[in-house]
Amino acid sequence: RKEVEQDPGPFNVPEGATVAFNCTYSNSASQSFFWYRQDCRKEPKLLMSVYSSGNEDGRFTAQLNRASQYISLLIRDSKLSDSATYLCVPGPGGSQGNLIFGKGTKLSVKP
Amino acid sequence: GAVVSQHPSWVICKSGTSVKIECRSLDFQATTMFWYRQFPKQSLMLMATSNEGSKATYEQGVEKDKFLINHASLTLSTLTVTSAHPEDSSFYICSARDARISSYNSPLHFGNGTRLTVT
């Protein structure tokens, strides 16, 4: 079973739209969760860390449901610059302290 | 804070040559750094864990004699791709966790990556 399951997309939305990504994870012992965004041909950049039920930062809101092993990311008022791949990453990941990445969800915001 | 610098950003080399990639933590110390590799349309895959002052730990299928890792200080790890071949062409990315935050529950911070093309 994969560490995380994410809809690969692509999600094609117009500017200004609200979009939500879902992520289910397999390890019930996961204590922390990270949302990274990765632009094409670039490194992943940390968007948000989630340690409790959720987190909010401006237009971005993450919600965690431990009982269902589910975490979501909501983006309000989408901007063209939000176009990227969004990676849901539970921590701790590997035995070395590394994080384990899936392919993420691709978002394309259109004018 | 938590800036990781990687150099070079891109390199083109001929088959059979070696390429050295540097990864530096600029504003924090890192006893451990992680080297990932990403092929087009694939996810990041861990290659090896670099440990300051000791040998690196390699993931299954990654040749330690081909991908040499040196972590000589708390702020610098290097990855040398020896005798590079076209199939080694990929995006190599290092990452680190601030040693002051010892928990595995803290995020990793990534360098800007090195795009290697072997001709």
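Any read-out appearing in this document is the output of simple, stated calculations on the displayed coordinates, not a laboratory observation. Owing to the predicted nature of the structure, the values given are computational and were not obtained by experimental measurement. All Cβ positions, even for glycine, are placed from backbone atoms using ideal geometry, and neighbour counts span all protein chains on display.
One residue stands out in segment A:29-85 among those that are surrounded by fewer than 17 Cβ atoms within 10 Å (Cβ to Cβ), of a type in the set (Asp, Glu) and within 15 Å of the chain's Cα centre (by Cα): the one that is nearest to the other protein chains (Cβ to nearest Cβ), namely A:Asp39. Highlighted here are the strands (runs of 3 or more DSSP E) found entirely within segment B:6-54 that include at least 3 residues which are under 14 Å from B:Leu116 (Cβ atoms): B:10-13, B:19-25, B:32-38.
Within this structure, B:Ala99 fails the test of being among the small types (Gly, Ala, Ser), in contact with a Cys (Cβ under 8 Å, 6 or more places away or on another chain) and assigned to a loop (DSSP other than H, G, I, E, B).
The residue pairs whose first member lies in segment A:92-111 and is farther than 19 Å from B:Phe39 by Cα, whose second member is among the basic types (Lys, Arg) and surrounded by fewer than 16 Cβ atoms within 10 Å (Cβ to Cβ), and whose beta carbons are closer than 9 Å, counting only pairs six or more residues apart or on different chains, are A:Val109/A:Lys79. Per the listing B:Thr119, B:Thr114, B:Thr57, the residue uniquely farther than 24 Å from A:Asp39 by Cα, surrounded by 13 or more Cβ atoms within 10 Å (Cβ to Cβ) and of a type outside the set (Asp, Glu) is B:Thr57. Residues in segment B:85-111 that are under 21 Å from B:Gln42 (Cα atoms), small (Gly, Ala, Ser) and surrounded by fewer than 23 Cβ atoms within 10 Å (Cβ to Cβ): B:Ser89, B:Ser90.
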